[in-house]
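The values are calculated or read from the model by the stated rules, or taken from the named source; none is laboratory data. The model shown is predicted, which means the values in this text are computed figures rather than measured ones. Note that each Cβ is placed from the backbone with ideal geometry, even for glycine, and that neighbours are counted across all protein chains shown. For the accessible areas, the whole protein counts, side chains as well, though only heavy atoms, and no ligand, DNA or RNA atoms are used. Shrake-Rupley method; radii C 1.70, N 1.55, O 1.52, S 1.80 Å.
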Amino acid sequence: MNKLAVLTSGGDAPGMNAAIRSVVRTAICEGLEVLGFHRGFDGVISQVYQQLDVRMVGGILEGGGTVLRTMRSPEFKTEAGMKKAVNNLERLGIDGLVVIGGDGSLRGADALNEIWSGQVVGVPASIDNDIGGCDLCIGFDTAVNTALESVDRIRDTATSHERLFIIEVMGRASGHIALSVGLAGGAEEILIPEVEYSVDNIVDRVKKARSKGKLHYIIILAEGAGKGFKLADQLGQKSGMDTRVAVLGHIQRGGTPTAFDRIIGAKMGTYAVKTLLEGKTGVCTGIRAGRRNLVALSEAAAGKPLSQENLELSQTLCI
Ligand code: ADP
């Protein structure tokens, strides 16, 4: 192993920069040369890259997003695009590639690993936290804290006006963000794609809460579990409560990464380089119970179940 490359792909996540910095500095400490591809797999196809050194990754820790930029590359999913990428990696003399990204990016890394003779290692970075083999993905903690700040603010208004608020959070097909935000924010209700719900049952619980003196009713709705405005219409009509919707949207994605995301970014970046130096390929370097945990890229991309303990706790505590 003489020369490695790093890229960030798919949805950006706060803490990706910490992982890039860690890959670059660890690699240089180990005497390796490092290239950074711009805009994910598209940079490999279009040959947009730069040589990275220790100083170039200075002062990037506190920034959200990714200094290497990211994008979704439909061309990389085609046979021709993948072949172009392989030819370019070979032409540049790259021995190992670190792919920092979400489940789609790790699927892409896995597909590349099947046809390229070099080594490929993934780093789980996704605000959705839907990657297997790690306790938490880079970016999740920041996204949850960002959403939580909004929930706390909205609760002030909800209480003062005695309103029902539906707060829609990100997460695509998974409820990890909604569950953590709901638990930490003391939501009355958490609606996630993994658990079926009935509008009539929610209305019953809203009425019960009102009769017990609750002044507000906060529902955290995962984006994959329904549409906030439609649900608000139904709940408003059936419960008689003044109902509002707040869609948090992209404010959850950016922003300064928390200390936690910077630290796991630093650790996972180092693990990725060490894993390459150990000669391994086709694996993702997560952290489980404080230790490096390697799983196959396909297993990482297959996702992670919700914490049943957190789910039950949120249901117990929202009385
Ligand atoms: P994320 O990594 O955030 O989940 P996407 O699902 O959009 O984001 O995936 C990012 C990129 O990974 C895609 O644009 C594509 O270039 C690549 N990719 C995703 N799935 C595959 C696949 N099955 N084969 C090859 N490349 C893929």
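Some observations on this one:
- Restricting region 87-115 to residues that are farther than 27 Å from residue 140 by Cα and within 12 Å of the ligand (Cβ to nearest atom), the residue that is least open to solvent (accessible area, probe 1.4 Å): 115
- Test: residue in region 218-236 that is under 24 Å from residue 112 (Cα atoms) and surrounded by fewer than 17 Cβ atoms within 10 Å (Cβ to Cβ): no
- Subset tally (residues that are at pLDDT 95 or above, over 20 Å from residue 60 (Cα atoms) and outside any loop (DSSP other than H, G, I, E, B)) for region 244-301: 25
- Only a single item in (1) touching a helix residue (DSSP H, G or I) at 6+ places or on another chain (Cβ under 7 Å); (2) within 12 Å of the ligand (Cβ to nearest atom) is not met by residue 118, and it is number (2).
- Residue within region 11-25 that is touching a residue at least 40 places away in the same chain (Cβ under 8 Å), assigned to a helix (DSSP H, G or I), within 13 Å of the ligand (Cβ to nearest atom) and touching an Asp or Glu at 6+ places or on another chain (Cβ under 8 Å) present: no
- Scanning region 26-48 for residues that are more than 16 Å from the ligand (Cβ to nearest atom), open to solvent by 30 Å² or more (accessible area, probe 1.4 Å), more than 16 Å from residue 267 (Cα to Cα) and not in a loop (DSSP other than H, G, I, E, B) yields a total of 1.
- Counting the residues of region 208-227 that are in a helix (DSSP H, G or I) and at pLDDT 95 or above gives 3.
- Subset of region 175-207 that is among the β-branched types (Val, Ile, Thr) and not in a helix (DSSP H, G or I) - its residue that is nearest to residue 239 (Cα to Cα): 190
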